[in-house]
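Each remark here refers to the structure printed beneath this line.
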Amino acid sequence: MNIFNRYAPFIQDFIYRNSWESLRAIQVAAGDAVFNTDDNILLSASTASGKTEAAFFPILTLFMEDMPKSVGALYIGPLKALINDQFMRLNDLCLEASIPVWHWHGDVAQTHKNKLLKSPSGILQITPESLEALLLHKHADIARLFGDLRFIVIDEVHSLLRGDRGGQTLCLIERLSKLAGINPRRIGLSATIGDPESTAKFLSSGTGRNTLFPKIETKGIKWRLSMEHFYVQGAQSADDRNVSDALPVLDMSTDTAPVNADPGMGYIFEHTRGKKCFVFVNSREECEAVTTTMRQYCEEKREPDRFLIHHGNLSVSYRETAEAVMKDDEQYQTTVTTATLELGIDIGRLERAFQINAPFTVSSFLQRMGRTGRRELPPEMWFVMREEKVETRAMLPLTIPWALLQGIALVQLYVQERWVEPPKLDRLPFSLLYHQTMCTLASCGEMSPGALASRVLSLSYFHRITQDDYKILLRHLLLTDHIQKTETGGLIVGLAGERQTNSYKFYAVFKENEEYTVRSKSQELGTIVMPPPVGEKIALAGHVWVVEEIDHKRRLVYCAQVKGKVPAYFGQCPGDINTRVLEKMKDILRERAVYPYLMKNAVARLGEARHTAVNSGMTEDSLICLGGDMWCLFPWLGTYAFLALERFIKIKCAPALGLSAMDSSRPYFIQFRMSATKEEFFSILNDASKQPLEPMELIYRGEVLLFEKYDEFLPEELVKKGFAYGILGIEEMKYHIQGWNSKL
């Protein structure tokens, strides 16, 4: 019997109503795995390939045959917007079968949540943070709510593989399973899996099950891809050059943009007109700046405002308004957004995506590209690379268009090799260890030290944490009153710990800045990190506001809208770039290949960069003399190995090299003054790399390392150990150093 015939009648009817002529390959593979095995499943296919339906069609069929006596399926999504979108889609599917669909996150009404608590059933869609809150506050109800839980579906599983949030999700699943006395099957969904074997192992942690990874044969998809380069001011790279358009069908003119427009912004302004588009940026500050600029252009051209904004610091009303407008196929507006709209959410006939400068990862590029290409349209992305024009006398590293090279590298790695970043699962997650320790104590009440250690360290994500490390943590938490010892020798949450666990912000493990809520009359606009004095201006929600009053105690800012333009600030937004990307950037400078998606300015700018690279020798020789005793090192290493190299040179090699004035532009180059010769530099680094190296030696004296959210509550030795052994790419650094020396 084929998979379609195995589906429940209401699912077959759903397929007929939607005029599907056949099931997609991933739906057939998922149905076979769910119906005919007891394994976990990892489903990977392109965006808009029907992964959600592939997972839930067979799950719902099994439910119709034997309805669960509690919540039967738990769907964990990384973003509220994604959950809201999937809630509507699953509701439509399940309505006819009377299978309840519930959603649960910070923006969902308490009345909806209370109905679930009263009558647990069907499918629950939830964020990791809300699941943490549920385990913390409804500890005694977990067995009743999830006693017959059969499936856990983790959407966009790749987004949870590179930090504490993924570790938290895994811990939550294991804690819930132990409390409810169950072992549900897990199904991971993603469009961008870089290392299926590692991801499958992660997905199965603690279950005792294998994970199936069906290989789906997919048809080739044609992309519409372009990449153009702009200087913020002045003449462009292709001016007065004989460079033809790589894609002549795309109109390059910005004639209807304002006369004084920033060329890159004018280009976006013109080519979003009359279309439904996303403009992706890499930070919330840039999101605000671009939106404000676009709205000013609309005003100057006396056009209706056609730009929306979406990022994590905006209020619910602003975010949901943008989502609703983008789903309306009759409205042709453009949303400027960060990664908050990168994942999963179906926004209908999105015609075009723009990316300002390069994202940090291939995965992110693919996700953003995948927002387009639905409803039979081809995926379409326009990269817009912007940089300040460098002075004629600028030193070598500043003359290289790093963002342009990075963008080309991300595209070529996938097009040529189908390469996507692998997960990073070898960290020492001490910050998360603190969080899960406090959550366990807060939910369970008094526990003996042995019972607490057994409960927490048995969570599979903490497999690298030793008993000795945990003893160090518990002793420190006792000293700082985060936990207390009772008269009987048990452990409970202390007064300092209660201040953390009683805050709604404790549910999240990603780092947040201290934020102030911004309001204008009755309207909530969003949040900012630190308000300026009364009378000063702030940028938020794509508009400019003047601060009228600040309530520091309640962290409220009252303001009124004004005209103008000011920079926004929401805190740092670091990026993690893999070594393969840097190596590809080096190859791009070396080769003479012509990339068909480059537009005329980008072609010219790449030509200039290649000419500079050849003349300087920077792609053949990692160390270049900039004149006198000034040198520049181009390591072509990813963020974590680059970080290790900086410290290795400064701590282990600087005295012997006579090195000073070291300045890094991570992860592209390091500039410094040096009295040693080039040969001595490589020889000294090579000899030092062959000596035994204790990772803790690469910690600067007196350095305070606070990277993760709860590092401030950890003993200093564990923070340093987590950074040295879990973050720094020491072995990769050593390998590259010895490779440099072998070329001499």
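Quick look at the values:
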| quantity | calculated |
| --- | --- |
| Alpha-carbon Rg/Rh ratio, for the range 66-190, with Rh computed the Kirkwood way | 0.93 |
| The range 52-88 versus the range 470-536: alpha-carbon centroid distance in Å | 33 |
| Too-long pairs where the Cα-Cα distance tops 32 Å, listed order kept, from K69/K709; K275/K563; K215/K709 | K69/K709; K215/K709 |
| Residue among T480, G208, Y318 farthest towards the positive dipole end of the chain, charges placed on Cβ | G208 |
| Spacing of the two label points (7 Å from each Cα toward its C-beta) at A143 and Q738, in nm | 5.6 |
| Fully extended contour minus Cα-Cα distance, from E583 to K178, at 0.36 nm per residue | 141.3 nm |
| Label-to-label distance, nm, for residues given as I221 and Q691 (7 Å Cα→Cβ offset) | 5.2 |
| Reciprocal mean inverse distance between Cα atoms of the chain - Kirkwood radius, Å | 28.1 |
| Carbon and sulfur %, accessible surface of the chain computed with the full protein complex present, 1.4 Å | 50 |
| N91 paired with K537, simple spin-label distance in nm, labels 7 Å along Cα-to-beta-carbon | 4.1 |
| Mean separation of Cα contacts under 8 Å, 6 or more apart, over the residue count of the range 497-557: relative contact order % | 25 |
| The range 550-709: equivalent-ellipsoid semi-axes (sqrt of 5 x gyration tensor eigenvalues, Cα, Å) | 35, 28, 15 |
| Rounded accessible area of D426 (nearest 10 Å², 1.4 Å probe) | 80 |
| Estimated dipole of the chain in Debye, rounded to 20 [Cβ of Lys and Arg +1, of Asp and Glu -1, Cα centre] | 640 |
| Whichever aspartates and glutamates have a C-alpha closer than 19 Å to that of K201, once near sequence neighbours (fewer than 8 apart) are set aside | D38, D39, D155, E156, D164, E174, E421, D426 |
| Efficiency of FRET between R302 and T466 - r from beta-carbon atoms, R0 60 angstrom, step 0.05 | 0.35 |
| More than 17 angstrom apart: percent of Cα pairs within the range 654-744 | 63 |
| Exposure rank, largest accessible area first [L135, L79; 1.4 Å] | L79, L135 |
| Two-site FRET efficiency, D38 against L478, from Cβ-Cβ distance with R₀ of 35 Å, rounded to 0.05 | 0.20 |
| Probe 1.4 Å - accessible area at T37, Å² to nearest ten | 50 |
| Extended-chain gain in nm, criterion 0.36 nm per residue less alpha-carbon gap, Q561 and L117 | 155.6 nm |
| Scattering profile of the range 1-98 at q = 0.14, 0.18 Å⁻¹ [log10 I(q)/I(0), Debye over alpha-carbon scatterers] | -0.53, -0.92 |
| At most 15 other Cβ within 10 Å, DSSP loop - trypsin sites (Lys or Arg not before Pro), the range 418-506 | R418, R464 |
| Percent RCO, i.e. relative contact order, over the chain, from Cα pairs under 8 Å lying at least 6 residues apart | 13 |
| FRET efficiency, S503 to W20 (Cβ-Cβ, R0 51 Å, nearest 0.05) | 0.60 |
| Residues whose placed amide H lies under 5 Å from that of I309, excluding near-sequence neighbours | V336 |
| Coil-residue chymotrypsin sites (Phe, Trp or Tyr not before Pro) of the range 673-744, DSSP, other Cβ within 10 Å capped at 16 | Y700, F707 |
| Area of D305 that stays accessible when all protein chains are in place (1.4 Å probe, Å², to 10) | 80 |
| Among S683, Y595, G729 the positive-end extreme of the charge dipole of the chain (Cβ point charges) | G729 |
| For a label point 7 Å along the Cα-to-beta-carbon line of F510, residues of the range 417-431 with backbone N under 20 Å | 421-431 |
| Cα-Cα over 28 Å, subset of K113/K505; K178/K721; K51/K138 | K178/K721; K51/K138 |
| Full-stretch length increase - Y700, I651 - with 0.36 nm per residue and alpha-carbon distance subtracted | 16.9 nm |
| Helix-derived mean residue ellipticity, 222 nm - over the chain, DSSP H n ≥ 4, -39500 (n - 2.57), to 500 | -12000 deg cm²/dmol |
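The values are calculated or read from the model by the stated rules, or taken from the named source; none is laboratory data. All values derive from a computational prediction rather than experimental measurement. For neighbour counting, all protein chains shown are included, and Cβ atoms are generated from backbone atoms with ideal geometry for every residue, glycine included. Surface accessibility is based on the protein's heavy atoms, side chains included, excluding ligands, DNA and RNA. Shrake-Rupley method; radii C 1.70, N 1.55, O 1.52, S 1.80 Å.
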